[in-house]
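Before any comments, here is the structure.
The values are calculated or read from the model by the stated rules, or taken from the named source; none is laboratory data. The structure presented is a predicted model; accordingly, all values stated were derived computationally and were not measured. Cβ: placed from backbone, ideal geometry, glycine included. Neighbour counts: every protein chain shown. For the accessible areas, the whole protein counts, side chains as well, though only heavy atoms, and no ligand, DNA or RNA atoms are used. Shrake-Rupley method; radii C 1.70, N 1.55, O 1.52, S 1.80 Å.
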Amino acid sequence: MLTNKTIVLGVTGSVACYKAADLACKLTQAGAKVDVVMTDSAAKFINPLTFRSLTGRTVFTDMWDTLSASGVDHIALAEAADVVVIAPATANVIAELAAGIAGDSLTCTVLATLAPVIIAPAMHTGMWRNSITQENVAKLKNRNFTFIEPGYGYLASGCIGEGRLADIYTIMGTVRQVLGRTGNLAGKKIVVTAGGTREPIDPVRFLGNRSSGKMGHAVAEAARDRGAKVVLITGPTVLPDLAGVDIVRVQTAVQMKQAVAKAVAGSDALIMAAAVADFQPQTTSAQKIKKAAAGGKMTLPLVATPDILTETKGRFLKVGFAAETEDILENAKEKMRNKQLDLIVANDVTAPDSGFEVDTNRVSIIGPDSRTEDLPLMTKKEVADRLMDRIAVMLKPKPAPKGHTH
Ligand code: PMT
């Protein structure tokens, strides 16, 4: 989605400038045209040549460069930008922008642009928490600037605290979210589930499955990138949080059901990519079960968990996934009927490059009237995008019947 987008990347004077080089590189690799505008102090931390080499484009450092093609670079940049990202953003540049000061190429560009502006601050904890900075941030948020909160951790001063530049993954995610705001799911609310549930046996053991959460995360990301408001309900996973997505973490099937019931209020679609346990231990031992006490043999009575898709009712689109090892399409269609779904993604989990844990998947999307779209092996992101194509069409308002006059 970043292909052919023009991103103006503002870099200001912080030791985190070296991370901006990685950001410029990743945005460029994702297909964007990245125009870097550096302040004088940023150029003291990192050489503009680094950005020119990474982006393959001119780097703007001096507003008074008489050799520039147009002479008014900041206006050309402001007009070309699809989005402006300032990373790292110092307390100084935030203060300048809040006051409407336009004293260099970067602040002139921001003042002149109609494009959305994303700010990723990086500074010492004291400067970030200072009420003056916080007032400036609040003022800019009121003017629709998007802030990516700084992280907590080791700072250049040697202290540990709040103020680290957010990680590049979060900044990239925010860029995608902001660029996708007017996408074909704008104004829709979509609830997605991901990962496997864990049903506790005792304080240290559980019944679980191999789901990594990758497929559900890809679905949530694809919906976010088309402008939807997304709630992601996920079982335990090591995947990082998705920027711009409300995340609810759960452990068990019962907790997932409760979280889904709460989240679906006002939603347009529920997409369940989670591998929910079908059974849970009848009782959970309060203490770790001892091998000796079990007498070398153990039977674990199980009871069925609630079927979330079947039991969650409402006027939203219901989409399920079916992880199958045999008679894939037939079994998926049966689940679609039994759970009364609008769409089901039949997932072949027999091949090593498809299904659980891996980054690729092989699926068929089955729609109303059993219309089936067999997809070849593709990345989970691509699968998610193809699924969103179908969902966007199904959620599109139907044209009013002809012949009606009021
Ligand atoms: O997470 P990854 O490692 O990326 O792996 C992805 C995946 C293989 C888990 C995913 O693509 C997938 O196929 N998810 C569904 C797995 C599954 O549990 O399928 P099922 O056939 O058991 O369930 C059918 C549908 O009913 C699913 O949408 C499931 O979320 C839902 N269900 C199941 C049980 C239950 N108690 N309540 C439910 O709502």
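General observations
- Note: relative contact order over segment 61-170, using C-alpha pairs below 8 Å and six or more positions apart, is 26 percent.
- Loop-located trypsin sites (Lys or Arg not before Pro) in segment 290-322 (DSSP state other than H, G, I, E, B) with a sparse environment of at most 16 neighbouring Cβ atoms within 10 Å: LYS290, LYS291, LYS297, LYS313, ARG315.
- Which of THR6, ALA294, PHE356, positive extreme of dipole for the chain (C-beta unit charges): ALA294
- Within segment 320-406, the trypsin sites (Lys or Arg not before Pro) that combine a DSSP coil assignment with at most 16 other C-beta atoms in a 10 angstrom radius are ARG371, LYS402.
- Accessible area per residue for the chain is 50 Å², calculated with a 1.4 Å probe on protein heavy atoms, without ligands, DNA or RNA.
- Segment 43-119: C-alpha gyration tensor shape, a/c 1.5 cut-off, then a/b vs b/c: rounded
- Evaluated with a Cβ-only charge set (Lys, Arg +1; Asp, Glu -1), segment 299-396 carries a dipole of roughly 580 debye about its Cα centre, given to the nearest 20.
- A Gaussian network model of the chain, with springs between Cα atoms under 10 Å, assigns the largest mean-square fluctuation among LYS139, LYS188, LYS214 to LYS139.
- For segment 188-205, the residues whose amide N sits under 13 Å from a probe point set 7 Å from the Cα of SER285 along the beta carbon direction are 201-205.
- The chain: antiparallel DSSP beta bridges as a percent of all, rounded to 5: 30
- Ordering ASN347, THR372, THR325 by Cα displacement along the dipole of segment 310-406 toward the positive end leaves THR372 in first place; charges were set at the Cβ atoms of Lys, Arg (+1) and Asp, Glu (-1).
- These residues, SER267, SER131, go from largest to smallest accessible area, 1.4 Å probe, as SER131, SER267.
- Normalising the average separation of contacting C-alpha pairs (under 8 angstrom, six or more residues apart) by the number of residues puts the relative contact order of the chain at 10 percent.
- For segment 243-373, the share of DSSP beta bridges that are antiparallel, to the nearest 5, is 45%.
- Distance from the Cα centroid of segment 293-346 to that of segment 191-268 is 16 Å (rounded to whole angstrom).
- Computed about the Cα centre, the dipole magnitude for the chain is approximately 1120 debye when only Lys and Arg (+1) and Asp and Glu (-1) carry charge, each at its Cβ.
- Cβ charges +1 (Lys, Arg) and -1 (Asp, Glu), total dipole of segment 294-341, debye: 300
- Between the C-alpha center of segment 85-112 and that of segment 5-21 there is a gap of 13 Å.
- Computed over the chain with a Gaussian network model linking Cα atoms closer than 10 Å, the most mobile of THR113, THR146, THR350 is THR350.
- Potential extension, VAL204-ILE101 segment - 0.36 nm per residue separation minus Cα distance: 31.3 nm
- Rounded, prolate or oblate (a/c below 1.5 giving rounded, otherwise prolate when a/b exceeds b/c) for segment 257-333 by Cα gyration tensor: oblate
- Per residue, the average separation of C-alpha pairs within less than 8 Å and at least 6 apart gives segment 149-203 a relative contact order of 20 percent.
- Most mobile of ILE233, ILE119, ILE160 in a GNM of the chain (Cα contacts under 10 Å): ILE160
- Between the alpha-carbon centres of segment 360-378 and segment 28-47 there is a gap of 42 Å.
- Distance violations [Cα-Cα > 29 Å] among LYS139/LYS262; LYS262/LYS381; LYS26/LYS318; LYS229/LYS335; LYS288/LYS318; LYS5/LYS380: LYS139/LYS262; LYS26/LYS318; LYS288/LYS318
- Cleavage-rule hits, chymotrypsin sites (Phe, Trp or Tyr not before Pro), segment 1-82, DSSP coil, Cβ neighbours within 10 Å at most 11: TRP64
- Cα-based shape type of segment 87-215, given that a ≥ b ≥ c are square roots of the gyration tensor eigenvalues and the cut on a/c is 1.5: oblate
- Helix-only CD estimate at 222 nm, as mean residue ellipticity for the chain, using -39500 (n - 2.57) per DSSP H run (n ≥ 4): -9500 deg cm²/dmol
- Sites excluded, GluC sites (Glu not before Pro) in DSSP loops with at most 15 other C-beta within 10 Å, longest stretch of the chain: 1-325
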